[in-house]
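Here, each number is a calculation from the coordinates, and none is a lab measurement. This structure is a prediction, so every number in the text was calculated from the model and none was measured. Cβ atoms come from the backbone with ideal geometry, glycine included; neighbour counts cover every protein chain shown.
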Amino acid sequence: MEANEVLQELRSYNDHELFYKEYLEAKKDPDSLHDFLKMYPVEKTKEKQWIVEEYKSAGGWYPENMDDALMFSMSEGNDIVLTKHNRYTPAFSHRHTFFEFAYVVEGACTHVFQKDTLHLKKGQLLILPPFTIHQVKVFDDSIVINILVKRKMFETLFHTIFCESNPIRDYFNQSLYLFSCNGSLWIDTNKNEALRDVVLEMYDQSIKKKKYSQTILLSLLAYWFGKVLQNQEAHIHIPKFTATNKTLLKILDHIERNFETITLSHIAETFHFSQAYVSRMIKKQTGKSFTDLLLDLKFEKATYWLETRTDSIQQIAYDSGFESIEHFNRLFKKRFLITPGQYRKLNQQKEKNRRTNNEFINEGSDLYAPYRSSI
């Protein structure tokens, strides 16, 4: 679909937006609000997954904590999902377990955090790390697209997107591993239409669920960030890092690049610190020992590859940096209480069940509509 066609589709109002616009108008007058709530009782709004502030205490739809199951369970197992933010959705505080990139296609939007307010304009993108408490305000005809990325997938693949050291890579390292992720990152593309069209193509791929769309989405996401770094790096606004964080981010980046063979002694020698000092720094800033941090990284890669690759378990164990298949099997079962083979079979069965449950969904159906109001 051409960019202009996608834009026309995004400009059209869906049922959720029409409801929220009517709701906002009704709230201007107590009598009108009373009639509105009578027309839309809590049971109906809950069924439709419409957010009504007056129904929060009555058990209405109010998703303050959004996990992967909410946003990805209906997306046919995809790791990247794009949605349009429903205009006129009541602003409410929420957080999620996944990464969210909010891109303003037209107009503007406002993100409210605990201490800060950020006004985004056309062509600007905000990156929200997992567990960031925020509100979103769009009360006009502005168009905002959200790119949702599973944390698990991002931990495994972000280093392939950002293969060279740069401000965005440092920010993601901080978001993924450090306690002190102080703030969100935002990018100004100066209304670059070519970059906008890439986002529109991603949206079309995600909504239409075309064959190989996830491969294309990952490639387009890498391309988008690559073009930003190539041409717009001066317009990347990142949180300030402390001197300690800057040093540790370099260490984390080194671990990420050499996870198969990295040792604490190698890190200490490379960065000219004692092993004890490096160990204390990692523990203080991440809450994990070097051994646990490295093991988490290896298992993130191993479980993702067990889900997405057909290679032998022995090959995956080797690629994940484990010294032997026996060592891998023993540690895997200790952590997950099942063997790698059982993990793969369970995931395959889960995938089979998901596909069976989604056979009735037609290409291009408005599958995400109930959830868009939550973002």
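Assorted remarks:
- For Gln124, distant residues with modelled amide H under 5 Å away: Val104, Thr189
- Think of it as helices only: each DSSP H run of n ≥ 4 in the chain is worth -39500 (n - 2.57), and spread over all residues that comes to -16000 deg cm²/dmol at 222 nm.
- Size-normalised alpha-carbon gyration radius of the range 63-239, reference 2.2 N^0.38 Å: 0.96
- Relative exposure of Asp79, Asp68, judged by other C-beta atoms within 10 Å (fewest first): Asp68, Asp79
- Inverse mean reciprocal Cα-Cα distance (Kirkwood Rh) of the range 286-344, Å: 11.5
- The Rg/Rh ratio for the chain is 0.99, where Rg is the radius of gyration of the alpha carbons and Rh is the Kirkwood radius.
- In order through the range 89-97: 3J(HN,Hα) via Karplus (6.51 cos²θ - 1.76 cosθ + 1.60), integer Hz, x for Gly, Pro: 4, x, 6, 9, 6, 7, 8, 9, 8
- Within the range 1-61, the proportion of C-alpha pairs whose separation exceeds 13 Å stands at 66%.
- Shown for Thr97, Thr270, Thr310: other C-beta atoms within 10 Å of each C-beta, ranked fewest to most, produce the order Thr310, Thr270, Thr97.
- Applying a DSSP loop filter and a limit of 16 other Cβ atoms within 10 Å to the chymotrypsin sites (Phe, Trp or Tyr not before Pro) in the range 2-43 leaves Tyr13.
- Annotation: average projected area of the range 243-357 is 8.5 square nanometres, based on the convex hull of Cα atoms across all directions.
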